[in-house]
1. Give the residues of segment 292-308 that are of a type outside the set (A, V, I, L, M, F, W, C) and either touching a Gly at 6+ places or on another chain (Cβ under 8 Å) or closer than 21 Å to Ser366 by Cβ (or both), sorted by residue number.
2. On the given criteria, is Ala281 crowded, with 17+ Cβ neighbours inside 10 Å, modelled with pLDDT of 85 or more and not β-branched (Val, Ile, Thr)?
3. Any residue that is over 30 Å from Thr288 (Cβ atoms), free of Cβ contacts under 8 Å to residues at least 60 places away in the same chain and either touching a Lys or Arg at 6+ places or on another chain (Cβ under 8 Å) or surrounded by 21 or more Cβ atoms within 10 Å (Cβ to Cβ) (or both) - is there at least one of those in segment 408-415?
4. Criterion first (surrounded by fewer than 18 Cβ atoms within 10 Å (Cβ to Cβ) and modelled with pLDDT of 85 or more) does Lys400 satisfy it?
5. Six or more apart or on different chains, Cβ atoms under 6 Å: show the pairs whose first residue is in segment 422-451 and over 11 Å from Ile410 (Cα atoms) and whose second is of a type in the set (D, E, K, R) and not in a strand (DSSP E or B).
6. Taking the conditions exactly as written (touching a helix residue (DSSP H, G or I) at 6+ places or on another chain (Cβ under 7 Å) and crowded, with 18+ Cβ neighbours inside 10 Å), does Ala197 satisfy them or not?
7. Please find, within segment 59-74, the residue that is nearest to the chain's Cα centre (by Cα) out of those that are in contact (Cβ under 8 Å) with a residue 40 or more places away in the chain and farther than 18 Å from Gln470 by Cα.
8. If you check Glu183 against the conditions, is it under 30 Å from Asp218 (Cβ atoms), loosely packed, with under 13 Cβ neighbours inside 10 Å, out of contact with any Pro (no Cβ under 9 Å at 6 or more places or on another chain) and not basic (Lys, Arg)?
Amino acid sequence: MAMYFALPEEEVAREDLLMFINACLSCTGQREFYDDAYGQKVSLDFLHDYILGNYRRLYCRTLAAGINHFNQIQIILKLLATGKDTKAEDREEENNLITSALHNLPPHRAWKLLLQIRRRGINNRRARAIAKHYLNSREDRLEFNAVKYRSKLQAIATHNHFKLAPELNNFLFRRWDQSFTSELFEQFRAGHYSAKAIYNLPFTVAEGLAVKHNIPRDRFLAGIEGQMTAHEKLRLQGSSEQAGTKVEIDPRRLPLTKLALYILSLPIKTREQKRSELEQAIQTRIKTILGRSPIKFGRVCAVLDRSYSSSGSSEKRRRPLGVALAVNYLLAESAQEYQAFWTVPVSDPLLVTPRGQTNLADPLLSALASEPDLVIIISDGWDNDPPAATAELLRVYRGKLDPQSKVSIIHLNPVFNADNYNLKRLSPLIPTVGIREAEDLPIVLEFAKFAEGKGTLAELEEYLGDRVKQLLQG
């Protein structure tokens with residue numbers, strides 16, 4: 001007869017929260033190498049509803065845990081839609097957290113979130129107050145936002161019955177029969193009648209008008225390049241090449257993980273030609289990260305997965321490999337001693353490409369042989385060459401050679417596994433934590449102690465409480 005043992009209530013809550021935060025660190029509801037987008041979204045939505053229904057206060061505090069923007073948006077939307085369930089003693093903190101998280105989002109994500117409030121039919125007083133507060137906070141950039149996000153701002157203003165300044169109101173609702181005193185509004189109005197005028201507008205606005213004026217794609221991209229942000233140039237790199245126009249990207253303006261993804265998008269020959277420029281950009285980004293979040297390590301080894309699955313998917317192209325490459329450079333600068341071991345050896349990380357099966361056991365064995373203080377494994381967890389070899393290696397190592405766990409081993413997984421609502425683990429003997437950006441490494445390593453089982457539910461709650469204070473005071 002089978003025996004079943006119920007876990008203590010606190011342990012269940014702790015495991016639930018760890019699973020949710022891990023998902024929020026890595027998953028964005030997009031297609032992965034092994035999972036489609038639909039499965040990702042369904043699994044993630046279930047997790048959100050489950051944690052919201054059972055641990056509302058901690059669900060809200062997850063906004064301060066360093067999770068990605070996609071999941072911050074989902075949390076805000078679900079909290080606003082269920083405001084009547086908020087306890088009186090939590091209402092002020094919840095409102096403050098929603099407001100702070102919204103203001104810390106990139107503008108295009110924040111405006112999209114406010115538009116989703118309208119689409120989901122969320123029409124309560126709190127939602128309207130938060131939308132109005134955000135609109136007022138953008139007053140110094142409101143003209144630019146009105147031009148760049150005109151349709152969104154129009155829909156948001158209508159939904160919330162905002163009273164707008166007369167000229168802003170005329171601009172949003174297409175009353176363009178007379179000139180505007182605002183220079184930017186007037187440039188936009190002119191762009192509807194003159195193809196030449198569109199090159200003074202933000203790229204995303206000018207792009208639609210270029211189609212209206214039947215401007216060839218190559219000529220448009222060449223003329224608008226000066227108005228494009230670094231992110232827009234990176235996003236359009238592929239399409240611009242297809243159009244026969246090369247968009248120049250300044251790597252020094254890219255965050256570290258996006259810089260790594262940009263490097264991986266370049267042909268090997270181009271990487272070699274631009275080596276000095278790329279390495280200088282990497283060092284500049286790393287100095288910025290370490291200046292903001294100083295981290296110092298002793299002897300560190302990294303086991304880095306460059307197998308074929310690290311090429312990602314059509315929606316997240318080369319992201320797993322990009323995260324591994326970015327973390328490699330970050331650890332090299334922050335560790336006293338550092339060695340990197342790739343699944344397929346590579347002498348120059350700048351030239352790395354996805355290749356081969358996932359053989360983590362061999363590089364992990366080499367890493368452990370060097371007697372480090374810390375081993376960081378970055379992989380999607382699909383250890384298949386041979387299957388489960390890493391789990392067996394860790395079982396023997398922890399059981400025979402390091403039973404006291406003197407060497408800390410942490411698995412960072414950039415890929416959410418939709419099948420079990422969690423990250424694919426290499427072994428129950430080491431913690432697995434989600435990661436989406438190399439810039440999140442300090443937060444992720446801080447969170448790893450809870451995933452390793454060294455922190456109690458009370459300590460996890462205290463940790464989230466401290467993160468809340470940092471967000472609200474920052």
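1. Narrowing segment 292-308 to residues of a type outside the set (A, V, I, L, M, F, W, C): 292-294, 296, 298-299, 305-308.
Within segment 292-308, Gly298, Arg299, Asp305, Arg306, Ser307, Tyr308 meet the criteria.
2. Details: crowded, with 17+ Cβ neighbours inside 10 Å: yes; modelled with pLDDT of 85 or more: yes; not β-branched (Val, Ile, Thr): yes.
Judged against the criteria, Ala281 is a match.
3. Quick first cut of segment 408-415, residues over 30 Å from Thr288 (Cβ atoms) only: none.
No - not one qualifying residue is present in segment 408-415.
4. Working: surrounded by fewer than 18 Cβ atoms within 10 Å (Cβ to Cβ): yes; modelled with pLDDT of 85 or more: yes.
Yes.
5. Matching pairs, first to second residue: none at all.
6. Values: touching a helix residue (DSSP H, G or I) at 6+ places or on another chain (Cβ under 7 Å): yes; crowded, with 18+ Cβ neighbours inside 10 Å: yes.
Yes.
7. Residue satisfying both the conditions and the ranking: Phe70.
8. Working: under 30 Å from Asp218 (Cβ atoms): yes; loosely packed, with under 13 Cβ neighbours inside 10 Å: yes; out of contact with any Pro (no Cβ under 9 Å at 6 or more places or on another chain): yes; not basic (Lys, Arg): yes.
Yes, satisfied.
The values are calculated or read from the model by the stated rules, or taken from the named source; none is laboratory data. Quantities reported herein were computed from a predicted structural model and do not represent experimental measurements. A quick note on method: Cβ atoms are made from the backbone with ideal geometry, for glycine too, and the neighbour counts reach across all protein chains shown.
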